[in-house]
1. Filter region 176-191 down to the residues that are over 16 Å from the mean Cα position of the chain (by Cα), in a helix (DSSP H, G or I) and hydrophobic (A, V, I, L, M, F, W, C) and list them by number.
2. If you scan region 247-276, which residues turn out to be part of a helix (DSSP H, G or I) and without any contact (Cβ under 8 Å) to a residue 12 or more places away in the chain?
3. Tell me the residue from D41, D54 that is under 20 Å from F194 (Cβ atoms) and surrounded by fewer than 18 Cβ atoms within 10 Å (Cβ to Cβ), please.
4. Output the qualifying pairs, or none if there are none: Cβ atoms under 8 angstrom, residues six or more apart or on different chains, first residue in region 5-16 and closer than 26 Å to L328 by Cα and touching a residue at least 12 places away in the same chain (Cβ under 8 Å), second residue buried (at least 18 other Cβ atoms within 10 Å of the Cβ) and among the acidic types (D, E).
5. Being touching a helix residue (DSSP H, G or I) at 6+ places or on another chain (Cβ under 7 Å), more than 24 Å from L272 (Cα to Cα) and outside any strand (DSSP E or B), is that true of even one residue in region 230-238?
6. Taking only pairs six or more apart or across chains, which ones have beta-carbon atoms under 7 Å, a first residue in region 304-328 that is more than 11 Å from D282 (Cβ to Cβ), and a second residue that is among the hydroxyl-bearing types (S, T, Y)?
7. Which of the residues that make up region 281-294 are of a type outside the set (D, E), buried (at least 20 other Cβ atoms within 10 Å of the Cβ) and closer than 18 Å to P48 by Cα?
8. Quick check: is even one residue across region 138-151 assigned to a helix (DSSP H, G or I) and within 30 Å of P106 (Cβ to Cβ)?
Amino acid sequence: MTIIDVHTHMLNREWFEMIRKHGKRYEIGPAAGGVEGILFDKAPFMTPMPGHFDYDYRIEQMDKADVDVAVVSLTCPNVYFGSQEVSLKAAQIVNDDMSEAQSRFPDRIRWMTSLPWEYPELAVAELERTVKNGAVAVMVLANINGRSLTDPVFAPVWQAIDDHALPVLVHPTVPPGAAEMDLVNFNLTASVGFMFDTSLAFARIFYDGFLDRYPNLKLIASHAGGALPYLVGRLDQCFDNMGACKVKTRTRPSAYMRRIYFDSVTYRTEALEMCVRVAGADRVMYGSDYPHNIGDMKGCRDRVDALPAEQARAVRSENALRIFNLGL
């Protein structure tokens, strides 16, 4: 069976050096193992690996794991770290690099565009440019420099994405208040903070009635939805009993859950099974988080293959083929 990876990352050296030069609260500094990593307010949260920069090596690893197609995306901090000129240039550098990779490996690589969301006019223009250049989806972080995805300032960007009916991978980053939550110790940003960031973003999306304004969006909740499959009952209970949750919508969160998608990046079979039960097998897609140091191309594949055969086929590729225009 074909397998399509919808949560997998690539970086670019020039983008990396732009963070070093323009990163403000982001900087390049020492990380575990004596390598350079990306730090936020002095706390390491993303360590680039050799596979982040080498498409030939990526294809070799995909072959070893029997992964046929990768829909690559940037990761945090994406391009949210500078002026209009810096943010746009960073986006263009990465997007053009991914477009070139698709040209080199037309049967193996597709890509998600990164946008300078803080500057909506530029973001819409970059969306149009990159869709013409082959982008099949959009990558956005679960908060944009501390601003919620539902912030009205981003409405023009969401409308343009909705007009194209594109999938959007909502990927976590450092959540606001990380210092106050003491996420620096034990690198709790990666293990817990990211899950919190994704879950909080989608809780806002549900209670805000966001999906009713943008009915063509295909939002993908990273890392098997963070804590969403576990929390959806509580989200419904609060909706049913708290007036504040019904100010903008009359739709329960569990109903909205059936309108979004999930990847399979979770590390316990039981967690993946719960995500499939809650979301539906038609809403979950294979993802690996390769080549992050906690990425697991083969392990994520094996957990998908442990699902019942019909579900496994849907998660491996059928769902991705349905919502992405991959041109395969």
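The numbers here are math on the coordinates, done by the rules we state, and not lab data. All figures in this text were calculated on a predicted structure; none of them were measured in a lab. Here the Cβ positions follow ideal geometry from the backbone for every residue, glycine too, while neighbour counts run over all protein chains shown.
1. Correct list: F186, L188.
2. Selection gives A255, E270.
3. D41
4. Filtered contacts from region 5-16: V6/D263; H7/D263; H7/D289; T8/D289; H9/D289; M10/D97; N12/D97.
5. Checked region 230-238: at least one residue is touching a helix residue (DSSP H, G or I) at 6+ places or on another chain (Cβ under 7 Å), more than 24 Å from L272 (Cα to Cα) and outside any strand (DSSP E or B).
6. The qualifying pairs are V304/S264; V304/Y286; A306/T269; R316/T2; R316/Y286; S317/T2.
7. S288, Y290, P291
8. no
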